[in-house]
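Reading through the structure tokens given below for one structure.
The values are calculated or read from the model by the stated rules, or taken from the named source; none is laboratory data. Remember, predicted model here, so these are calculated numbers, not experimental data. Here the Cβ positions follow ideal geometry from the backbone for every residue, glycine too, while neighbour counts run over all protein chains shown.
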């Protein structure tokens, strides 16, 4: 399977790196990237074929991965459209809806993905939506593309990708935000920032692994750590009195609304 990338930034590089680690030959991957410095990085670090401008070589692609910024998609599609042949179109762009992809690319065989930044280390998760024209085999092809970057989750409605964006697309920032707070608390309690960081990150990593390994809901796992009158109880009581949970829910819904607004603007 030949894969062409339109755009060679971080997310494209993460997917390409994963493909190479899984055994794909660099000669089976083309990257259309107008930026000369980024082309040099891709050639040096990944050894893939890079293109400054669209050309007939793109017609060899079985899958075209769209990884440009949303605001330049229409221009990139107009330039590359004549060269993409009958490839499956796979978008990792935020804010460009599948209707816009169909209109710009002239095919109904479109899959949208919303990955997140842990994909850079193979620990990401991506929400996926496929247009009805996409076959089961093509769905599997897209899963194989993303498998080296982490997990995948299919949604039946395209609008659900806005919720995926709010939860997991933006989600790493929420984790880093809480880690920041834990490090600040560590310093205020007399530990060093480095000690606080190590403790916070190990706690997040371990708790996530425990939750993944358990069939119990998070509420049950939380209750097992919380003894009435104990330290955890004191902390959670304080969080509840400050309405932290409801504030988080409100924040995630704000991210969902913004994702919808971006879709209206670009898509």
- Query: So which residues in the stretch 105-124 are touching a residue at least 40 places away in the same chain (Cβ under 8 Å) and either in a loop (DSSP other than H, G, I, E, B) or exposed (fewer than 15 other Cβ atoms within 10 Å of the Cβ) (or both)?
  - Reply: 115, 116, 122
- Give 212, 153 a once-over and let me know the one that is surrounded by fewer than 16 Cβ atoms within 10 Å (Cβ to Cβ), assigned to a strand (DSSP E or B) and within 22 Å of the chain's Cα centre (by Cα). 153
- Subset of the stretch 52-86 [within 21 Å of residue 14 (Cα to Cα) and assigned to a loop (DSSP other than H, G, I, E, B)]: 52, 61, 62, 67, 68, 69
- Message: Within the stretch 156-177, does at least one residue satisfy the condition of being in contact (Cβ under 8 Å) with a residue 12 or more places away in the chain, outside the structural domain of residue 133 (by TED's automatic domain parsing), over 18 Å from the mean Cα position of the chain (by Cα) and surrounded by 13 or more Cβ atoms within 10 Å (Cβ to Cβ)?
- Response: no
- Query: Is there a residue in the stretch 129-140 that is touching a residue at least 40 places away in the same chain (Cβ under 8 Å), closer than 24 Å to residue 99 by Cβ and part of a helix (DSSP H, G or I)?
  - Reply: yes
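Yes or no, residue by residue, for (1) touching a residue at least 24 places away in the same chain (Cβ under 8 Å); (2) under 27 Å from residue 157 (Cα atoms):
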| site | (1), (2) |
| --- | --- |
| 42 | yes, no |
| 46 | yes, no |
| 53 | yes, no |
| 60 | yes, no |
| 66 | yes, yes |
| 74 | yes, yes |
| 86 | no, yes |
| 96 | yes, yes |
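Only one residue in 146, 201 is surrounded by 13 or more Cβ atoms within 10 Å (Cβ to Cβ) and either at pLDDT 95 or above or not in a helix (DSSP H, G or I) (or both), so which one is that? Even if it seems obvious, please write down each step before you answer.
Numbers: 146 fails: either at pLDDT 95 or above or not in a helix (DSSP H, G or I) (or both).
Within the list 146, 201, the selection yields 201.
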- Task: Hey, could you check the stretch 125-143 for residues that are surrounded by fewer than 22 Cβ atoms within 10 Å (Cβ to Cβ) and touching a helix residue (DSSP H, G or I) at 6+ places or on another chain (Cβ under 6 Å) and say which is farthest from residue 95 (Cα to Cα)?
- Result: 125
- Task: Tell me, please, whether a residue that is in a helix (DSSP H, G or I), at pLDDT below 90, touching a helix residue (DSSP H, G or I) at 6+ places or on another chain (Cβ under 8 Å) and on the phi < 0 side of the Ramachandran plot can be found in the stretch 36-47.
- Result: no
